[in-house]
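Read through the structure below, which is laid out as structure tokens, and then see the notes.
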Amino acid sequence: MSMEAMKQRIAIVTGASRRRGIGAAVCRTLAARHVAIFFTHWRQFDREMPWGADEDEPESLRAELLGMGVVCEHMETDLSLPATPQRILDEVEKRLGMPSILVNNAAYSTNGNYEELTADMLDAHYAVNMRGTFLLSTEFARRYPGGPGGRIISLTSGQSTGPMPNELAYIATKGAIEAFTVSLAADLAAKGITVNAVDPGATDTGWMPEELKVEIVKHSPHGRIGQPEDAARLIAFLASDEAEWITGQIIHSRGGGI
């Protein structure tokens with residue numbers, strides 16, 4: 001898509017709470033193509049994680065994107081609440097206009113093997129990774145006016161390429177996103193919306209301990225770990241007109257690694 005055409009686009013990117021994360025990288029990459037950005041974040045989740053939350057990061061990211069010359073808004077929102085998807089679309093339309101790109105990047109993730117798995121753990125993952133993603137995608141699709149250029153791109157985690165035994169709730173809900181992607185793509189093709197999922201593989205977003213990085217590099221044909229920008233470039237391509245014939249695909253962009 002030409003830069004001039006991209007200027008007319010508005011993208012929603014969920015889960016852009018950390019400047020080193022994939023969500024933030026997607027925002028920057030789309031902004032570099034002159035796409036207006038509306039990103040969401042949920043700092044409470046980051047506060048509970050080992051990496052913690054930088055309370056100033058969302059506003060700092062917005063300032064960076066504004067400095068790139070694009071319109072940008074953001075919103076703190078909890079995707080585990082059933083009303084959140086409709087609220088996000090209402091806010092986007094009110095502040096920016098009708099979006100044509102949706103990037104489902106937000107995710108809930110905690111470790112847990114078969115001995116630790118509980119109903120509460122399953123429900124917490126389901127609420128964000130499945131229900132939040134599915135309701136936001138369908139609300140976006142219902143409001144999309146039709147015609148070429150609609151894009152839904154979800155992040156998945158390669159659970160179909162091999163076992164992830166200590167992340168049972170997470171991989172189960174991420175696997176559901178893959179199944180949902182394939183069928184939703186068939187539903188929405190006639191409306192001009194493509195639906196794809198991206199598995200970025202192991203990506204260095206600041207959470208990896210050094211020993212894990214060393215182990216990943218051992219198995220990497222490129223001799224390095226994936227970076228957020230690697231995933232962002234693929235997502236930006238899938239959002240472009242050049243990708244209008246690609247839909248219903250789960251793309252494993254893992255640098256040739258396992």
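The values are calculated or read from the model by the stated rules, or taken from the named source; none is laboratory data. Here the structure is a predicted model, which is why all the values come from computation and not from measurement. FYI the Cβ positions are ideal-geometry reconstructions off the backbone, even for glycines, and counts take in every protein chain you see. Ligands, DNA and RNA are stripped out before the accessible areas are found, and what is left, the full protein with its side chains, is counted by its heavy atoms. Shrake-Rupley method; radii C 1.70, N 1.55, O 1.52, S 1.80 Å.
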### Task
Evaluate the stretch 66-77: report whether one residue or more is modelled with pLDDT of 95 or more, part of a helix (DSSP H, G or I) and either touching a Ser or Thr at 6+ places or on another chain (Cβ under 6 Å) or among the hydrophobic types (A, V, I, L, M, F, W, C) (or both).
yes
### Residues that are open to solvent by less than 30 Å² (accessible area, probe 1.4 Å) and either in contact with a Cys (Cβ under 9 Å, 6 or more places away or on another chain) or more than 27 Å from W245 (Cβ to Cβ) (or both), drawn from the stretch 125-141
H125, A127, V128, N129, G132
### Task
Could you identify the single residue in A185, A190 that is small (G, A, S), assigned to a helix (DSSP H, G or I) and exposed (fewer than 14 other Cβ atoms within 10 Å of the Cβ)?
A190
### Query
Is it the case that the stretch 200-207 has a residue that's open to solvent by less than 20 Å² (accessible area, probe 1.4 Å), in a strand (DSSP E or B) and in contact (Cβ under 8 Å) with a residue 12 or more places away in the chain?
yes
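A quick yes/no check of all residues on (1) part of a loop (DSSP other than H, G, I, E, B); (2) modelled with pLDDT of 95 or more:
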| position | (1), (2) |
| --- | --- |
| A106 | yes, yes |
| S109 | yes, no |
| L122 | no, yes |
| Y126 | no, yes |
| R131 | no, yes |
| F134 | no, yes |
| A141 | no, yes |
### Task
Looking only at the stretch 210-220, decide whether some residue is open to solvent by less than 60 Å² (accessible area, probe 1.4 Å), closer than 17 Å to L155 by Cα and out of contact with any Leu (no Cβ under 6 Å at 6 or more places or on another chain).
no
### Query
Give me the pairs: first residue in the stretch 56-82 and over 16 Å from G15 (Cα atoms) and of a type outside the set (F, W, Y), second residue open to solvent by 60 Å² or more (accessible area, probe 1.4 Å) and at pLDDT below 95, beta-carbon distance under 9 Å, and six or more apart or on different chains, which are they?
E64/R19; V70/K7
### Task
Kindly establish whether A179 is over 15 Å from the mean Cα position of the chain (by Cα), surrounded by fewer than 21 Cβ atoms within 10 Å (Cβ to Cβ) and in contact (Cβ under 8 Å) with a residue 24 or more places away in the chain.
no
### Message
Checking the structure you have, find out if any residue of the stretch 142-164 is in contact (Cβ under 8 Å) with a residue 24 or more places away in the chain, touching a Pro at 6+ places or on another chain (Cβ under 6 Å) and open to solvent by 40 Å² or more (accessible area, probe 1.4 Å).
### Response
no
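Every residue, every condition in (1) assigned to a strand (DSSP E or B); (2) in contact with a helix residue (DSSP H, G or I) (Cβ under 7 Å, 6 or more places away or on another chain); (3) at pLDDT below 85; (4) under 17 Å from N104 (Cα atoms), yes or no:
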{"residue": "C27", "(1), (2), (3), (4)": "no, yes, no, yes"}
{"residue": "D46", "(1), (2), (3), (4)": "no, no, yes, no"}
{"residue": "S60", "(1), (2), (3), (4)": "no, no, no, no"}
{"residue": "I88", "(1), (2), (3), (4)": "no, yes, no, yes"}
### Task
Tell me, please, whether a residue that is part of a loop (DSSP other than H, G, I, E, B), open to solvent by 60 Å² or more (accessible area, probe 1.4 Å) and among the small types (G, A, S) can be found in the stretch 243-257.
yes
### Task
Name the single residue, out of those in the stretch 221-242 being at pLDDT 80 or above and charged (D, E, K, R), that is least open to solvent (accessible area, probe 1.4 Å).
D230
